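Below: the structure, in structure tokens.
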Amino acid sequence: MAQKSKILIIGGTGYIGKFIVEASVKAGHPTFALVRESTVSDPVKGKLVEKFKGLGVTLLHGDLYDHESLVKAF
């Protein structure tokens, strides 16, 4: 059986992104989600992030507008 592709989802805690994250995991792909540090402290999105962790999603902390955070994340 072929190895599944690694999937990086940017915006995974958004309205559409959360469904994409779940579909990727359900399809058996190693799934990575880029999230901002501020997302974790948000009560609603924080719960979503915890759900992702439970699904086996690898969380990468960074912000598209902060180059250094992306370097650290990857």
- Looking only at segment 32-49, which residues are open to solvent by 90 Å² or more (accessible area, probe 1.4 Å), part of a helix (DSSP H, G or I) and either under 16 Å from residue 9 (Cα atoms) or touching a Leu at 6+ places or on another chain (Cβ under 7 Å) (or both)? 37
- Hits in segment 8-21 (condition: more than 15 Å from residue 74 (Cβ to Cβ), open to solvent by 80 Å² or more (accessible area, probe 1.4 Å) and outside any helix (DSSP H, G or I)): 15, 16
- Note on the structure: Counted residues in segment 55-74 being over 17 Å from residue 17 (Cβ atoms), open to solvent by 60 Å² or more (accessible area, probe 1.4 Å) and within 14 Å of the chain's Cα centre (by Cα) come to 1
- Query: Given the conditions (1) in contact with a Gly (Cβ under 8 Å, 6 or more places away or on another chain); (2) modelled with pLDDT of 95 or more; (3) in a loop (DSSP other than H, G, I, E, B), and given that residue 29 satisfies all but one, which numbered condition is not satisfied?
  - Reply: (1)
- Message: With under 17 Å from residue 73 (Cα atoms) and of a type in the set (S, T, N, Q) as the only criterion, which of 5, 38, 24 stands out?
- Response: 38
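The values are calculated or read from the model by the stated rules, or taken from the named source; none is laboratory data. From a predicted model like this one, the values you see are computed outputs, not experimental measurements. In this analysis, Cβ positions are derived from the backbone assuming ideal geometry, glycine residues included, and neighbour counts consider all displayed protein chains. For accessibility, only protein heavy atoms count, side chains too; no ligands or nucleic acids. Shrake-Rupley method; radii C 1.70, N 1.55, O 1.52, S 1.80 Å.
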